[in-house]
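The values are calculated or read from the model by the stated rules, or taken from the named source; none is laboratory data. Model, not experiment: these values are computed from the prediction.
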Amino acid sequence: MSHLNKEEIKKFIDGTMAESEAEAAEHHLDRCEECFEQYLQLIETWDPEEKLSDSFTDATLALLEEKIPDSRDHSSGHAMRKTLINYGIAAGLTIGLMFAGVFQKVIDLTDVVENRQSSITAELMKRTTGILENFEPGKEDDHS
């Protein structure tokens, strides 16, 4: 197996290798530890030929701020008012449901379900006991 030389690995990193050569290099790097170690060392010291200007980040952020206004720029009074309105609506609905008796109906319904479950169990136990009492040992074969 022939190893990749330093120049080939640099071309692979820079993306200047032909597509078929890049695929072969990638396949080799997947299989060869020695070349992969050299690749990692070159990546650490890699300095791309095309660099972004120092003001690129600042210009990009300024453009984004123009296109997408920051929601925090709105007055804090507006946000506070909106929050208070939401809490007021929630409190009003809670009070309305309470006066309508919805919460009490829910509690009563759960009590009925809990009581019904225990009475169903008790009823099943009674019927099972009744069925078992009808069976007497030794009577199954008396039909002859």
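Can you tell me which residue in the stretch 40-58 is farthest from residue 13 (Cα to Cα), limited to those that are at pLDDT below 75 and not small (Gly, Ala, Ser)?
Taking the stretch 40-58 first, the residues at pLDDT below 75 are 47-54.
So of that shortlist, the ones also not small (Gly, Ala, Ser) come out as 47-52, 54.
Numbers: 47: 10, 48: 9, 49: 11, 50: 13, 51: 15, 52: 18, 54: 23 Å.
This residue is 54.
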Subject >> Only listed residue being of a type in the set (A, V, I, L, M, F, W, C) and modelled with pLDDT under 75, chosen from 106, 112 >> reply: 112
